[in-house]
Amino acid sequence: MKYYYIGDTLNDEAAEKFTSFISSNPEEDLTIYISSPGGNVDAMGVLLHAINKNAHRIILVATGAIYSCAFILFYSVKCEREILEGASGLYHYLGNTGMRFTAGGVPDNPTDRAKYKETKKDAKKEIDWCKKLGMNKEEIEIIKRSDEAFFSNERLREFLEKQQEEMSPY
């Protein structure tokens with residue numbers, strides 16, 4: 001058994017280090033600990049792909065903050081997962097990240113208006129994912145407002161339990 005810790009922002013460097021670690025340990029079972037404030041969606045995609053390609057030999061363990069992209073990563077992987085005491089989560093609507101809005105809720109510049117049109121197309125898909133995960137109406141409303149929804153350790157475990165029940169053949 002080999003161990004790896006992802007303890008910072010999910011970025012290109014983190015993705016490169018992680019894929020290097022996996023490829024240098026092709027036969028070992030791996031336990032990956034994660035506590036991350038989130039980061040880059042593209043880097044998260046690389047991590048997700050690498051973990052899912054090796055899911056049969058990986059356990060992903062939430063140890064602290066699983067925020068933003070780290071939250072998506074944790075609940076999207078197909079490997080075994082665990083949540084340690086003290087772990088907490090945060091999710092927010094990724095499509096509006098970095099955009100500036102007027103008080104009336106309209107993007108305040110041409111670039112953000114164009115980006116907003118594109119991200120609205122993905123909004124339903126993202127909200128459906130939140131519902132499938134088990135988020136309640138109040139949590140989903142927070143996300144729809146582009147606010148941050150925080151989740152306790154207990155709530156993270158409820159999401160994981162729901163996913164595991166849905167995957168069970170019984």
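The values are calculated or read from the model by the stated rules, or taken from the named source; none is laboratory data. Since the structure is predicted, the reported quantities are computational estimates derived from the model, not experimental observations. A quick note on method: Cβ atoms are made from the backbone with ideal geometry, for glycine too, and the neighbour counts reach across all protein chains shown. Note: areas computed on protein heavy atoms with side chains; ligands, DNA, RNA excluded. Shrake-Rupley method; radii C 1.70, N 1.55, O 1.52, S 1.80 Å.
Given the structure, is Lys125 at pLDDT below 90, open to solvent by 10 Å² or more (accessible area, probe 1.4 Å) and under 20 Å from Lys162 (Cβ atoms)? Here the answer is yes, as Lys125 does meet what is asked. In the range 94-120, the residues that are under 28 Å from Leu73 (Cβ atoms) and in a loop (DSSP other than H, G, I, E, B) reach residues that are modelled with pLDDT of 70 or more and acidic (Asp, Glu) with C-beta atoms within less than 9 angstrom, at least six apart or across chains, in these pairs: Gly98/Asp112; Met99/Asp108; Met99/Asp112; Arg100/Asp108; Arg100/Asp112. If the condition is being outside any loop (DSSP other than H, G, I, E, B) and in contact (Cβ under 8 Å) with a residue 60 or more places away in the chain, then the range 139-160 contributes Phe150, Phe151, Asn153, Arg155, Leu156, Arg157, Phe159, Leu160.
Taking only the range 19-59 into account, find how many residues are among the hydrophobic types (A, V, I, L, M, F, W, C) and farther than 16 Å from Lys78 by Cβ.
Adding up the residues that qualify gives 3.
If you check Gly86, Gly39 for being over 24 Å from Glu166 (Cα atoms) and touching a Ser or Thr at 6+ places or on another chain (Cβ under 7 Å), only one passes: Gly39. Checked against (1) free of Cβ contacts under 8 Å to residues at least 40 places away in the same chain; (2) farther than 19 Å from Gly38 by Cα, Gln163 passes all but a single condition, namely (1).
The single condition from (1) open to solvent by 50 Å² or more (accessible area, probe 1.4 Å); (2) free of Cβ contacts under 8 Å to residues at least 12 places away in the same chain; (3) among the small types (Gly, Ala, Ser) that Gly86 fails is (2). Given the criteria under 18 Å from Lys162 (Cα atoms), over 12 Å from the mean Cα position of the chain (by Cα) and modelled with pLDDT under 95, does Asp108 qualify? Answer is no for this residue.
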